[in-house]
Each structure stands twice: as C-alpha cells, then as structure tokens.
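The values are calculated or read from the model by the stated rules, or taken from the named source; none is laboratory data. Predicted model, so just to flag it, every value in this text is computed and none were measured. When we count neighbours, we look across all protein chains shown, and the Cβ atoms used for this are built from the backbone with ideal geometry, even at glycine.
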Amino acid sequence: MQYGYQCEECEVAVWPAAPRAELQWLRQRTHVVREVAAHAGNGLDTWIVEGLEFLDHHAQHSIVLVRRS
C-alpha cells in the first residue's frame, strides 16, 4: 500500500516514498520543515522535498491524503 497527497481541485496526485504517518506529519508541520531546510547543509530526504514541492504548488487548493494498493 502506498500513500500520497492529492489536490482535489486539480486532481493531481504525488506519491512520495514515505508512510502515511510521515506524510501527515509533513503536512501539519510544513512551516517547521521549511525552516529546517533553510539551515540544513546536507538537504532533506527526497520524500520531504517532493512533498513540500507538491504542497507549495497546490497551497491554495484542498489537499487530501490518499492511498493506492
């Protein structure tokens, strides 16, 4: 099973390689992750970067956590 984010307005989805709990965590703490990213020399995990890019691109839209088998 895989989890991701889906924009309800654009009907676009992204499937970062992370468990459901981590995706919920990222969505709830986006502001904190952005602050850490600004000071992280080694960068962030790929799934975090992918998730942040999606959330930024669809910031004014309704985004839901989805799953696929």
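Which number in (1) under 11 Å from the mean Cα position of the chain (by Cα); (2) surrounded by 13 or more Cβ atoms within 10 Å (Cβ to Cβ) marks the one condition that V12 misses?
All conditions pass for V12, except number (1).
Determine, yes or no, whether V33 is under 23 Å from M1 (Cα atoms) and over 10 Å from the mean Cα position of the chain (by Cα).
So V33 fails the test.
Would you mind telling me which numbered condition in (1) surrounded by fewer than 16 Cβ atoms within 10 Å (Cβ to Cβ); (2) among the hydrophobic types (A, V, I, L, M, F, W, C); (3) under 16 Å from M1 (Cβ atoms); (4) in contact with a helix residue (DSSP H, G or I) (Cβ under 9 Å, 6 or more places away or on another chain) A21 fails?
Unmet for A21, out of (1) surrounded by fewer than 16 Cβ atoms within 10 Å (Cβ to Cβ); (2) among the hydrophobic types (A, V, I, L, M, F, W, C); (3) under 16 Å from M1 (Cβ atoms); (4) in contact with a helix residue (DSSP H, G or I) (Cβ under 9 Å, 6 or more places away or on another chain): (4).
For the stretch 21-47, which residues satisfy the criterion of being more than 11 Å from L65 (Cβ to Cβ) and of a type in the set (A, V, I, L, M)?
Hits for the stretch 21-47 are V32, V33, V36, A37, A38, A40, L44.
Looking at R67, R27, which is the one that is part of a helix (DSSP H, G or I) and at pLDDT 90 or above?
Exactly one of R67, R27 is part of a helix (DSSP H, G or I) and at pLDDT 90 or above, namely R27.
For E50, state whether it is surrounded by 14 or more Cβ atoms within 10 Å (Cβ to Cβ), among the charged types (D, E, K, R) and within 21 Å of V66 (Cα to Cα).
Taking the combined requirement at face value, the residue satisfies it.
Yes or no: E22 part of a loop (DSSP other than H, G, I, E, B) and of a type in the set (D, E, K, R)?
Answer is no for this residue.
Can you tell me how many residues in the stretch 2-57 are among the aliphatic types (A, V, I, L, M) and touching a strand residue (DSSP E or B) at 6+ places or on another chain (Cβ under 6 Å)?
Residues in the stretch 2-57 being among the aliphatic types (A, V, I, L, M) and touching a strand residue (DSSP E or B) at 6+ places or on another chain (Cβ under 6 Å): 3 in total.
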